[in-house]
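**Q** Please read through the structure below; I'll follow up with questions.
The values are calculated or read from the model by the stated rules, or taken from the named source; none is laboratory data. Here the structure is a predicted model, which is why all the values come from computation and not from measurement. Using ideal geometry, Cβ is built from the backbone for each residue, glycine included, and neighbour counts are taken over all protein chains shown.
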Amino acid sequence: MRKHVSFRFRVLALLLLFFAGSFALSASRSGSASLWLLTAAVPGVILFLLLLPSGLFPLDRPSLAAGLTLCGLSILAPVSFGPEEALSQALRCAAALFFLFAGAVLLRIYRPSLPGSVLLSALALGLLSLPLWLPGIPLSPGDGASAILLLGVVSFLSLRLRLPALLCALCGLFLFLLRSDPVSGGIWTLAFILLFWASSGSSLWTGISLCSAGGLFIFWILLTPLPDSAGASVFSRLSAMSVVLPESVPESILPEDSLFLLLGEQYGLLFLLSAVLLAVLLLIRGASLALQSRKQFYASAALGVLLLLGIRALAFLLNLADLLPLPAGSFPFLSLSPETLCTDMFFLGILSGISARNEADLSEDVRLSMLAR
Amino acid sequence: MKTMRYRIRVIALVLVIAILGVMLWCARALFFPDLAVFPLSPENSSVSPSVSPSLPASPDPWTTTPDPASLPQDPWAPLPQPDLSPSDSGVPAEITPVPSQAPLFDTFGL
């Protein structure tokens, strides 16, 4: 036990030293007060959250350590562009921390029920259709809506209501396609089908969901109006519908989503591979939490989080390796978009809530065994 | 719930293996950009034009037909006999007469 604890503290000390040293080195070079502030703030926030007593607020430390390290790297990456960029990214991460606690609290207080499932699904579908009803609105939540829709669908599945779950997922895909966001729709559909396969246990229902989603995709491709379809090749037709980019793949990595490449440019390839390994550790922790859960709702929620984060990371890496000609968004936690950061933190909060529920189940078992003696 | 746990294991394993595989693919492409994946195939020869751009790409000996003139001659074949028949000038055709006093650069006959 002592060895285990000392190993954890060594890893934590190494992490804090790395962030403090990196920010201090950049601050001493540029002499910026913002970077000196980040030298104290980033390790301080990581230390505070990882040493927060479980009695005060239970958080899942392994997944939190991986997620916060990736967030710290997302603050460290834009330092070369200027201290103000790093400071604004730090403020985005700090604002996203609110959703970490929101996700954990939601998972602790929510019990799967029919009104709750309907409410969550309606809220998510309403958020997804917001830019369709109000075209001039600057807010168009896509990732956040998919996170809420995931909870609604998981709640339906835990109540053995497969048809409403399937209809909600198809409505979500339809709205993603109407928003001309086929990549998010594809990631959501793939995650839902795998979740449906794992939760429902029925190959027939999985086949129905697969055929419905595939049919919706084909229907959308056939019905999308094209600017100049006469004599256009398949590639240009797809690029006109924003399914495939007309230019080469590196063009698809937009500057606002290129923190991953900035990190590799500054610290080298091995550092980049370590960041990917951190994401893999986060996925393994999510799978472990799903396997430890006793109720289907918590297991499905952990699996959904694992799938949405994992498929997004996989799509980004495939795009990076020229194996996927699609604009694949950003790597988890390494994004400049506030909405994506908030969604990732919300997922981390969901994992923390499931971990707290598993701990509560274990302590209840211990109490019952003590009473039986 | 038991089946679900089994399927969760399968999904997590496939996802992690896929991410690690793509990560290794990216690392291979960055560390060893000229490493052939299938070295025995004719398309991926070990010496690619990107390694030595000054050298011309050698033709594939398995697919191209060799030029008969470039093949080595048979050392036992009979030597060609010189044409010793008299021509109009009385000199055998094999011996070309060289003008003794012709100017070297008198191209236009000036």
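**Q** Consider A:L303 against the criteria (1) more than 22 Å from A:V79 (Cβ to Cβ); (2) without any contact (Cβ under 8 Å) to a residue 40 or more places away in the chain; (3) within 7 Å of chain B (Cβ to nearest Cβ): it satisfies all of them except one. Which criterion is unmet?
**A** The number of the failed condition is (2).
**Q** Please go through (1) modelled with pLDDT under 80; (2) outside any loop (DSSP other than H, G, I, E, B); (3) within 22 Å of A:F176 (Cα to Cα); (4) of a type outside the set (A, V, I, L, M, F, W, C) for A:E265 and return the number of the only condition it doesn't satisfy.
**A** Of (1) modelled with pLDDT under 80; (2) outside any loop (DSSP other than H, G, I, E, B); (3) within 22 Å of A:F176 (Cα to Cα); (4) of a type outside the set (A, V, I, L, M, F, W, C), only one is false for A:E265: (3).
To keep it simple, each residue is scored yes or no on (1) within 28 Å of B:F31 (Cα to Cα); (2) aliphatic (A, V, I, L, M).
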residue: A:L307; (1), (2): no, yes
residue: A:G310; (1), (2): yes, no
residue: A:A313; (1), (2): yes, yes
residue: A:F333; (1), (2): yes, no
residue: A:C342; (1), (2): no, no
residue: A:S355; (1), (2): no, no
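**Q** Still on this model: Since A:W36 meets every condition but one in (1) among the aromatic types (F, W, Y); (2) assigned to a helix (DSSP H, G or I); (3) over 22 Å from A:F271 (Cα atoms); (4) touching a residue at least 24 places away in the same chain (Cβ under 8 Å), which condition does it not meet?
**A** Every listed condition holds for A:W36 apart from (4).
**Q** Checking A:G329 against (1) over 20 Å from A:L157 (Cα atoms); (2) small (G, A, S); (3) modelled with pLDDT of 90 or more, which single condition isn't satisfied?
**A** The single condition A:G329 does not satisfy is (3).
**Q** So, in the range A:174-226, how many residues would count as being part of a helix (DSSP H, G or I), under 22 Å from A:P325 (Cα atoms) and of a type in the set (S, T, N, Q)?
**A** Residues in the range A:174-226 being part of a helix (DSSP H, G or I), under 22 Å from A:P325 (Cα atoms) and of a type in the set (S, T, N, Q): 2 in total.
**Q** Next question. Tell me which residues, restricted to the range A:320-373, are small (G, A, S), under 23 Å from A:S274 (Cβ atoms) and in contact with a Leu (Cβ under 8 Å, 6 or more places away or on another chain).
**A** A:A328, A:S330, A:S335, listed by residue number.
**Q** State all residues of the range A:138-189 that are among the aliphatic types (A, V, I, L, M) and over 26 Å from A:A102 (Cα atoms); if no residue qualifies, say none.
**A** Within the range A:138-189, A:L161, A:L163, A:L166, A:L167, A:L170, A:L177, A:L178, A:V183 qualify.
**Q** Which members of the range A:313-331 meet the condition of being more than 8 Å from chain B (Cβ to nearest Cβ) and outside any loop (DSSP other than H, G, I, E, B)?
**A** A:A315, A:F316, A:N319, A:F331, listed by residue number.
**Q** Does A:A356 satisfy the condition of being surrounded by fewer than 22 Cβ atoms within 10 Å (Cβ to Cβ), of a type outside the set (V, I, T) and free of Cβ contacts under 8 Å to residues at least 12 places away in the same chain?
**A** Judged against the criteria, A:A356 is not a match.
**Q** Name the one entry in A:F333, A:F316, A:F347, A:F297 that is at positive phi and crowded, with 21+ Cβ neighbours inside 10 Å.
**A** The unique qualifying residue is A:F333.
**Q** Go through the range A:70-126 and give me each residue that's under 19 Å from A:A356 (Cβ atoms) and of a type in the set (A, V, I, L, M, F, W, C).
**A** Across the range A:70-126, the qualifying residues are A:L97, A:F98, A:F99, A:L100, A:F101, A:A102, A:A104, A:V105, A:L106, A:L107, A:I109.
**Q** Restricting attention to the range A:86-100, does a residue exist that is among the basic types (K, R), in a helix (DSSP H, G or I) and surrounded by 15 or more Cβ atoms within 10 Å (Cβ to Cβ)?
**A** So far as the range A:86-100 goes, yes, one or more of its residues are among the basic types (K, R), in a helix (DSSP H, G or I) and surrounded by 15 or more Cβ atoms within 10 Å (Cβ to Cβ).
**Q** What number of residues within the range A:173-208 satisfy the criterion of being closer than 16 Å to A:L161 by Cβ and crowded, with 23+ Cβ neighbours inside 10 Å?
**A** 4
**Q** I need a count of the residues in the range A:290-336 that are within 11 Å of the chain's Cα centre (by Cα) and hydrophobic (A, V, I, L, M, F, W, C).
**A** The number of residues fulfilling the criteria is 10.
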